[in-house]
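Visitor: Got a structure for you, questions after.
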């Protein structure tokens with residue numbers, strides 16, 4: 001499936017994303033990674049991220065509990081922008097899947113935004129290296145500032161250019 005089909009799914013099913021669940025995150029991941037030979041379930045092995053010293057959780061109990069804790073945390077937030085930003089960063093941070101984590105995180109965040117009748121973000125107006133640097137800063141130092149700025153700038157860009 002291509003990106004437009006995946007975005008269409010989340011746009012056509014916004015009512016599903018008023019409340020985030022692990023199964024919804026897994027389904028988004030499945031949509032995004034069809035025909036890629038990637039496991040459709042939460043990972044059960046160690047993964048590494050190229051370009052960083054950060055190592056995602058490798059304890060199977062943590063890996064299994066983390067997505068549920070993420071959903072509880074996200075669902076407890078009333079501000080949709082904070083909710084989307086948290087889901088985006090933590091799905092990336094946890095590396096829940098063998099591959100496709102960044103795509104899954106972005107589409108999940110967009111689904112949350114669209115469920116609250118906000119526009120989705122495309123990240124088309126930012127360089128991939130700037131995006132990666134801000135994520136790495138979060139991974140290694142738990143510093144959200146650079147990515148938060150990107151998130152806000154991309155929302156402004158989307159509102160000004162697409163909606």
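Table: residues versus (1) assigned to a helix (DSSP H, G or I); (2) over 18 Å from residue 82 (Cα atoms); (3) touching a strand residue (DSSP E or B) at 6+ places or on another chain (Cβ under 8 Å); (4) without any contact (Cβ under 8 Å) to a residue 24 or more places away in the chain.
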position: 122; (1), (2), (3), (4): no, no, no, no
position: 134; (1), (2), (3), (4): yes, no, no, yes
position: 138; (1), (2), (3), (4): yes, no, no, no
position: 148; (1), (2), (3), (4): yes, no, no, no
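Visitor: May I pose another question? Please state which one of 98, 58 is out of contact with any helix residue (DSSP H, G or I) (no Cβ under 6 Å at 6 or more places or on another chain) and under 23 Å from residue 131 (Cβ atoms).
Guide: Working: 58 fails: under 23 Å from residue 131 (Cβ atoms).
From the options 98, 58, the qualifying one is 98.
Visitor: Go through the residues of segment 123-131 one by one and say whether even a single one is touching a helix residue (DSSP H, G or I) at 6+ places or on another chain (Cβ under 9 Å) and buried (at least 20 other Cβ atoms within 10 Å of the Cβ).
Guide: No - not one qualifying residue is present in segment 123-131.
Visitor: What's the number of the condition residue 145 fails, among (1) touching a helix residue (DSSP H, G or I) at 6+ places or on another chain (Cβ under 7 Å); (2) at pLDDT 95 or above?
Guide: Going through the list (1) touching a helix residue (DSSP H, G or I) at 6+ places or on another chain (Cβ under 7 Å); (2) at pLDDT 95 or above, residue 145 breaks only (1).
Visitor: Another question, if that's okay. Looking at (1) over 28 Å from residue 149 (Cα atoms); (2) under 17 Å from the mean Cα position of the chain (by Cα); (3) not in a helix (DSSP H, G or I), which is the one condition that is false for residue 31?
Guide: (3)
Visitor: For the condition buried (at least 20 other Cβ atoms within 10 Å of the Cβ), free of Cβ contacts under 8 Å to residues at least 40 places away in the same chain and either closer than 30 Å to residue 160 by Cβ or within 12 Å of the chain's Cα centre (by Cα) (or both), what is the one hit in 105, 111, 66, 115? Reasoning before the result, please.
Guide: Details: 111 fails: free of Cβ contacts under 8 Å to residues at least 40 places away in the same chain; 66 fails: either closer than 30 Å to residue 160 by Cβ or within 12 Å of the chain's Cα centre (by Cα) (or both); 115 fails: free of Cβ contacts under 8 Å to residues at least 40 places away in the same chain.
Being buried (at least 20 other Cβ atoms within 10 Å of the Cβ), free of Cβ contacts under 8 Å to residues at least 40 places away in the same chain and either closer than 30 Å to residue 160 by Cβ or within 12 Å of the chain's Cα centre (by Cα) (or both) holds for just one of 105, 111, 66, 115, which is 105.
Visitor: Against the conditions (1) assigned to a helix (DSSP H, G or I); (2) modelled with pLDDT of 90 or more; (3) surrounded by 17 or more Cβ atoms within 10 Å (Cβ to Cβ), where does residue 56 fall short? Just the number, please.
Guide: Condition not satisfied by residue 56: (1).
Visitor: Among the numbered criteria (1) touching a residue at least 24 places away in the same chain (Cβ under 8 Å); (2) surrounded by fewer than 16 Cβ atoms within 10 Å (Cβ to Cβ); (3) closer than 18 Å to residue 140 by Cβ, which one does residue 46 miss?
Guide: Answer for residue 46: the failing condition is (1).
The values are calculated or read from the model by the stated rules, or taken from the named source; none is laboratory data. This one's a predicted model, so the numbers in the text were calculated from it and none came from an experiment. A quick note on method: Cβ atoms are made from the backbone with ideal geometry, for glycine too, and the neighbour counts reach across all protein chains shown.
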